[in-house]
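Enquirer: Below is the structure I would like to discuss, written out as structure tokens.
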Amino acid sequence: MPGSFRVARLFGIELRVHISWVFIFGIVLYSLWSDVFAHYGWSDQKRITVSAIAAVLFFSSIVAHELSHSLVARRFNMAVSSITLFLLGGVANLRQEPPSAKAEFFMASAGPGMSLLISAVGLALWFGIDTSALPSLQPVSAVAGYLGVINLALAGFNLLPGFPLDGGRVLRSIIWGIRRDRRTATAIAARGGQFVAGLFVLWGLFQFQEGENALWWWPLLLAYFLYNAATQSLRQERLGGLVSGARVGPLMNTSFIAADPQWPVATVVRDLMLPRNVRAVPVVAGQSFLGLMTAEDVRKLDHERWATTPITQVMTPSADLAKLSPDDGLVEALERFGEAGVLPVVREGRLVGLLDRDGVVNYIRMRDLFTQGR
């Protein structure tokens, strides 16, 4: 997610924070200080300290929620690139769609399950601590009660049957498992997401009319996010239909010219990239594919060093590249592109072609054009 930065790594998964999270953290902190803990009679310093601790623990519970999704996803061989905290909470960034209805069901259920577990622990502490006998534990009881209630609400919200919320993913997995058709299941679940978005709009407008809630706009923001995400899911599923059955082999470029690993960057740019108008050049020694040097790699190097720096120092090594086989489907290729513009196509360890994202996009447009003409 652009505008985010890494703050930690958990179980090999990057934890990132988007700049918009600072805003929502401030809102949560202020609401805790001014409302949730206002009636306890604490000093201002104690109230702000307890509020800050509760806010940090609340967002930690969101991380636990998303981490549960991520760990279950990895159990089903789905790659997870990162977890990002942002304005609307948190999101686990998966590199591909679930491979089966079973995988999606367990992955989607894991997050709300974690939220319900945290809620149960918080409510148990809230009801179990006798603050009249142990007044010093009143802050602990207050924070536990807040975490219990807010995580119960978080689980309930995420279980709403609208894709891409967890409940929508559970719904899709059930329909997918019964009908054996992910496209139909996605269409139904995504329409559910658009319907839930409409309910949030009505809720926000009702709160605005009442004029008692300063955060009346929050449901409208959730509705905007949910509607767009559901609509994008429909588009992605249609895209999958357009490329269904298509393979990488016919679309890959086999007329590439590889660079020698000893060549300097300046030579590759002058003799290959500019004359041929290509943004990526493979680096090959004999039959061994060593890596790929892209225009982005070149831009990271000072221009004064182009003539003296061998391309092996700026290229992306083969081991760090997502690779394709000529027999891979275009759906799989689209999932592997990520931020890359070009992917190497390899067979038995030997480079046999390059797949360019722009070429794939043009192919999809042509397929879409001919499909509409039927």
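The values are calculated or read from the model by the stated rules, or taken from the named source; none is laboratory data. Keep in mind that what you see is a predicted model, and the values were worked out from it rather than measured. In this analysis, Cβ positions are derived from the backbone assuming ideal geometry, glycine residues included, and neighbour counts consider all displayed protein chains. When the accessible area is computed, the model is the full protein with side chains, heavy atoms only, and any ligands, DNA or RNA have been set aside. Shrake-Rupley method; radii C 1.70, N 1.55, O 1.52, S 1.80 Å.
Enquirer: Has segment 109-130 got at least one residue that is assigned to a helix (DSSP H, G or I), surrounded by 17 or more Cβ atoms within 10 Å (Cβ to Cβ), over 13 Å from the mean Cα position of the chain (by Cα) and touching a residue at least 60 places away in the same chain (Cβ under 8 Å)?
Expert: Yes: segment 109-130 contains one or more residues that are assigned to a helix (DSSP H, G or I), surrounded by 17 or more Cβ atoms within 10 Å (Cβ to Cβ), over 13 Å from the mean Cα position of the chain (by Cα) and touching a residue at least 60 places away in the same chain (Cβ under 8 Å).
Enquirer: Please determine, by comparing only the residues of segment 294-339 that are within 22 Å of L239 (Cα to Cα), part of a loop (DSSP other than H, G, I, E, B) and touching a residue at least 24 places away in the same chain (Cβ under 8 Å), which one is least open to solvent (accessible area, probe 1.4 Å). Before the answer, list the steps.
Expert: First, pick out the residues of segment 294-339 that are within 22 Å of L239 (Cα to Cα): 322-339.
Still in the list and also part of a loop (DSSP other than H, G, I, E, B): 322-323, 325-328, 338-339.
Within this subset, residues satisfying the condition of being touching a residue at least 24 places away in the same chain (Cβ under 8 Å) are 325-328, 338.
Details: S325: 35, P326: 9, D327: 101, D328: 28, G338: 50 Å².
Filtering first and then ranking leaves P326.
Enquirer: While we're on this one: Could you tell me which of the residues V345, V361 is surrounded by fewer than 18 Cβ atoms within 10 Å (Cβ to Cβ) and at negative phi? Steps first, answer last, please.
Expert: Details: V345 fails: surrounded by fewer than 18 Cβ atoms within 10 Å (Cβ to Cβ).
After ruling out the rest, the residue left standing is V361.
Enquirer: Scan A64, A55, A73 and give me the residue that is under 18 Å from V140 (Cα atoms) and in a helix (DSSP H, G or I). So that I can check it myself, show each step before the final result.
Expert: On the way: A64 fails: under 18 Å from V140 (Cα atoms); A73 fails: under 18 Å from V140 (Cα atoms).
When all the criteria are applied, what remains is A55.
Enquirer: Any residue in segment 226-250 that is closer than 19 Å to R367 by Cα sitting within a Cβ distance under 8 Å of a residue that is among the basic types (K, R) and surrounded by 18 or more Cβ atoms within 10 Å (Cβ to Cβ)? List the pairs, counting only those 6 or more apart or interchain.
Expert: Here the result reads E237/R182, each pair linking segment 226-250 to a residue that is among the basic types (K, R) and surrounded by 18 or more Cβ atoms within 10 Å (Cβ to Cβ).
Enquirer: Right, L369: among the hydrophobic types (A, V, I, L, M, F, W, C), open to solvent by 40 Å² or more (accessible area, probe 1.4 Å) and within 20 Å of R238 (Cβ to Cβ) or not?
Expert: On the way: among the hydrophobic types (A, V, I, L, M, F, W, C): yes; open to solvent by 40 Å² or more (accessible area, probe 1.4 Å): yes; within 20 Å of R238 (Cβ to Cβ): yes.
Considered against the rule, which asks whether it is among the hydrophobic types (A, V, I, L, M, F, W, C), open to solvent by 40 Å² or more (accessible area, probe 1.4 Å) and within 20 Å of R238 (Cβ to Cβ), L369 comes out as yes.
Enquirer: Could you look through segment 229-258, keep only residues that are open to solvent by 70 Å² or more (accessible area, probe 1.4 Å) and polar (S, T, N, Q), and pick out the one that is farthest from N277 (Cα to Cα)?
Expert: Of everything passing the filter in segment 229-258, Q232 is farthest from N277 (Cα to Cα).
Enquirer: Looking only at residues in segment 1-48 that are over 26 Å from the mean Cα position of the chain (by Cα) and not in a helix (DSSP H, G or I), which one is farthest from S132 (Cα to Cα)?
Expert: To start, the set of residues in segment 1-48 that are over 26 Å from the mean Cα position of the chain (by Cα) comprises 30-48.
Retained after the next criterion (residues that are not in a helix (DSSP H, G or I)): 37, 41-43.
Details: F37: 17, G41: 15, W42: 15, S43: 19 Å.
Once the filter is applied, the top-ranked residue is S43.
Enquirer: Follow-up question, since we're still on this one. Tally the residues that are under 19 Å from Y227 (Cβ atoms), of a type in the set (A, V, I, L, M) and either open to solvent by less than 30 Å² (accessible area, probe 1.4 Å) or under 19 Å from the mean Cα position of the chain (by Cα) (or both), restricting the search to segment 140-184. Reasoning before the result, please.
Expert: Within segment 140-184, the first condition is being under 19 Å from Y227 (Cβ atoms), and the residues that meet it are 157-169, 171-172.
Add one more test, that the residue is of a type in the set (A, V, I, L, M), and what stays is 159-160, 165, 171.
Right, trim to either open to solvent by less than 30 Å² (accessible area, probe 1.4 Å) or under 19 Å from the mean Cα position of the chain (by Cα) (or both) and you get 159, 165.
Final tally of qualifying residues: 2.
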